[in-house]
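Reading through the structure tokens given below for one structure.
The values are calculated or read from the model by the stated rules, or taken from the named source; none is laboratory data. Since the model is a prediction, treat every value here as computed from it, not as a measurement. Positions of Cβ are backbone-derived with ideal geometry, glycine not excepted, and every protein chain shown enters the neighbour counts. Note: areas computed on protein heavy atoms with side chains; ligands, DNA, RNA excluded. Shrake-Rupley method; radii C 1.70, N 1.55, O 1.52, S 1.80 Å.
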Amino acid sequence: MPKNILAEMGSQVGLTPARQNKKEAEEWARRQSGPMVNPSFEPDDFVPQSLSPVKDEKKKPGADKGIFLVNMKEKNLQEVEEYEPYDNRVVEHPTTNTETLLHLLKGSLGTGILAMPHAFSKSGYVVGTIGTLVIGVLCTYCIHVLIDSCYVLCKRRKVPSLTYTAAAEAALSEGPDWCKACAPYAAHVVNAFLLIYQIGSCCVYVVFVSENIQFVLTKHFELEVTVTEVMVWILLPLVLINWVPDLKYLAPFSAIANAVTIVSFAIILYYIFREMPNIEGKVPAGKIAEFPLFFGTVLFALEAIGVILPLENEMKTPKAFVGKFGVLNRAMISIIILYMAMGLFGYLQYGNEAAGSITLNLPSGTETLANVVQCLLAFAIFVSHGLACYVAIDILWNEYIGVRLLNSSHRLLWEYTLRTVIVLLTFGIAAVVPELDLFISLFGALCLSALGLAFPAFIQSCTYWYYVSPSERIRMIIKNAIVVVFGALGLVVGTWTSLEGIITKFFGQGYGHGPTLNTTVNFNETSLVP
């Protein structure tokens with residue numbers, strides 16, 4: 001099993017501090033001789049002096065004892081400042097700025113962009129356009145915050161790179177006392193959200209592939225098949241593609257899928273503009289009750305937080321990733337514009353009839369070209385299932401299950417059993433409620449509100465907690481608290497709304513017409529603008 005692609009270089013985040021006294025040296029030696037689970041994160045009773053902030057001995061008794069001032073004359077802190085993580089990275093095959101830009105664009109283009117017209121049908125064309133822009137800017141800001149925090153943590157720990165999970169654990173270990181107590185669990189929390197997101201993405205892919213194939217079979221070939229039946233047909237191929245032990249074997253298929261996706265998007269745009277879109281019958285603002293579905297869908301579509309750090313860690317010139325005209329800003333500007341255009345013009349063309357995937361609005365019953373697009377994208381997303389499921393398998397196997405079976409004679413059997421079980425899990429969830437739009441909104445709100453918004457703000461607060469002045473800390477807390485509250489509200493309200501829709505579908509009632517409290521009747525009819 002290859003190493004964890006989401007945690008590359010993540011286990012070796014330790015640092016041997018300067019032996020400033022015999023006691024510290026003995027303590028460090030004792031810890032190094034023990035189990036090497038997470039050697040760099042033990043904030044409770046032992047913090048190497050080379051990493052800990054220095055107390056200002058001149059402060060009067062009774063002053064704020066929780067605030068430490070950094071003494072820049074301290075030798076070891078000078079060494080931390082002089083350490084440059086980017087200059088110490090050793091990457092076997094570093095990527096150029098252009099390659100990183102293309103990878104980032106590729107990681108953000110998928111089923112999410114195809115669901116944007118449906119998202120706009122929930123928000124309206126004015127609110128949808130503004131909302132997509134605001135959410136996109138906020139996501140970009142949080143990515144900058146995460147990268148900056150990782151860079152600072154790398155300098156302090158004198159390591160070339162950190163993964164998301166390692167950065168979360170390192171940040172909490174340097175935050176206030178109550179955060180230090182939570183630090184050992186930070187990696188597990190982040191891994192849990194990553195795992196749920198990847199499995200959720202796989203469920204979305206299963207539904208997408210099955211719906212598009214079923215649409216072609218029923219509309220073009222006039223066969224009577226259901227989406228669930230198509231899921232059963234593709235189950236064995238899904239299992240087989242997820243038995244592939246190394247991503248390099250999927251590389252040729254991935255390259256083909258990328259080319260297919262680009263061609264398919266061009267054809268979809270042709271259908272959108274074949275007849276000029278218009279605003280007749282379209283609303284500028286939708287219902288407030290349906291806005292969480294829009295929020296979750298846009299987050300699912302825009303957010304590529306899982307690939308940001310791995311891409312930045314593999315760059316030949318990582319300093320070019322950030323900055324006003326860096327790779328990240330150029331990519332995100334392109335992505336936001338593309339998503340706004342697809343959502344806006346797709347909604348203006350198809351209105352409230354916009355399906356969970358715009359491919360289902362194409363005239364496949366009468367035009368072969370539309371059938372070709374649906375089949376091509378079904379193939380591309382089928383390959384993406386193997387990639388997304390690989391990440392979920394990698395997290396579970398390399399960090400939780402495989403490490404406990406190192407001496408087992410049936411280790412390989414257990415690995416392939418895990419691969420099969422995860423595929424069956426994604427198949428089962430998708431088969432129970434095959435609703436593409438609700439799945440996208442659910443996992444966008446549930447996972448990406450936390451991974452893309454709340455966690456980066458929280459990580460920054462802990463990273464700089466003892467390294468800024470009291471006034472700067474207050475400003476930082478207020479700013480990040482707003483982001484965390486916004487992410488938490490999106491998580492709770494978006495998840496609740498999506499689950500309510502799924503439950504309604506599960507019980508066989510039309511979405512939006514299930515039983516609701518009397519107090520919500522008028523609320524559901526309230527528009528987002530007067």
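In table form, for the structure just shown:
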{"item": "Residue, nearest to LYS319 (Cα to Cα), within region 136-160, restricted to residues that are open to solvent by 40 Å² or more (accessible area, probe 1.4 Å) and hydroxyl-bearing (Ser, Thr, Tyr)", "result": "TYR151"}
{"item": "Output for region 227-256, where each listed residue is among the aliphatic types (A, V, I, L, M), modelled with pLDDT of 85 or more and either within 26 Å of VAL433 (Cβ to Cβ) or in contact with a Gly (Cβ under 8 Å, 6 or more places away or on another chain) (or both)", "result": "VAL227, VAL230, MET231, VAL232, ILE234, LEU235, LEU236, LEU238, VAL239, LEU240, ILE241, VAL244"}
{"item": "Pair list, Cβ < 9 Å and 6+ apart or interchain, from region 298-309 residues that are on the phi < 0 side of the Ramachandran plot and buried (at least 24 other Cβ atoms within 10 Å of the Cβ) to residues that are modelled with pLDDT of 85 or more and outside any helix (DSSP H, G or I)", "result": "PHE300/ALA115; ALA301/ALA115; LEU309/SER161; LEU309/LEU162; LEU309/THR163"}
{"item": "Residues (among the polar types (S, T, N, Q) and in contact with a helix residue (DSSP H, G or I) (Cβ under 6 Å, 6 or more places away or on another chain)) located in region 86-144", "result": "ASN97, THR100, SER108, THR111, SER121, SER123, THR129, THR132, THR140"}
{"item": "Residue match in region 253-268 (condition: assigned to a helix (DSSP H, G or I), among the aromatic types (Phe, Trp, Tyr) and exposed (fewer than 15 other Cβ atoms within 10 Å of the Cβ))", "result": "no"}
{"item": "All positions within region 74-110 that are surrounded by fewer than 13 Cβ atoms within 10 Å (Cβ to Cβ) and at pLDDT 75 or above", "result": "GLU82, ASP87, ASN88, VAL90, GLU92, HIS93, THR98"}
{"item": "Qualifying residues in region 161-208 (those that are part of a helix (DSSP H, G or I) and among the charged types (D, E, K, R)) - the one most open to solvent (accessible area, probe 1.4 Å)", "result": "ASP177"}
{"item": "Test: GLY343 is out of contact with any His (no Cβ under 7 Å at 6 or more places or on another chain), under 21 Å from TYR197 (Cβ atoms) and in contact (Cβ under 8 Å) with a residue 60 or more places away in the chain", "result": "no"}
{"item": "Only one of GLY346, GLY356, GLY386, GLY365 that is touching an Asp or Glu at 6+ places or on another chain (Cβ under 6 Å) and among the small types (Gly, Ala, Ser)", "result": "GLY356"}
{"item": "Some residue of region 509-522 being modelled with pLDDT under 90, open to solvent by 30 Å² or more (accessible area, probe 1.4 Å) and of a type in the set (A, V, I, L, M, F, W, C)", "result": "yes"}
{"item": "Qualifying residue in region 213-234 (condition: touching a residue at least 60 places away in the same chain (Cβ under 8 Å), within 24 Å of the chain's Cα centre (by Cα) and on the phi < 0 side of the Ramachandran plot)", "result": "no"}
{"item": "Residues of region 269-288 that turn out to be assigned to a loop (DSSP other than H, G, I, E, B), open to solvent by 50 Å² or more (accessible area, probe 1.4 Å) and in contact with a helix residue (DSSP H, G or I) (Cβ under 8 Å, 6 or more places away or on another chain), as a count", "result": "6"}
{"item": "Residues located in region 398-449, provided they are of a type in the set (Gly, Ala, Ser) and either surrounded by fewer than 24 Cβ atoms within 10 Å (Cβ to Cβ) or over 21 Å from the mean Cα position of the chain (by Cα) (or both)", "result": "GLY402, SER408, SER409, GLY428, ALA431"}
{"item": "Positions within region 111-134 being among the β-branched types (Val, Ile, Thr) and either touching a Cys at 6+ places or on another chain (Cβ under 9 Å) or open to solvent by less than 10 Å² (accessible area, probe 1.4 Å) (or both), in sequence order", "result": "THR111, ILE113, THR132"}
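Residue-by-condition table, conditions (1) farther than 23 Å from LYS282 by Cα; (2) of a type in the set (A, V, I, L, M, F, W, C); (3) free of Cβ contacts under 8 Å to residues at least 24 places away in the same chain:
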| site | (1), (2), (3) |
| --- | --- |
| TYR86 | yes, no, no |
| THR100 | yes, no, no |
| GLY112 | no, no, no |
| MET116 | no, yes, no |
| CYS139 | yes, yes, no |
| PRO160 | yes, no, no |
| THR163 | yes, no, no |
| SER173 | yes, no, no |
| TRP178 | yes, yes, yes |
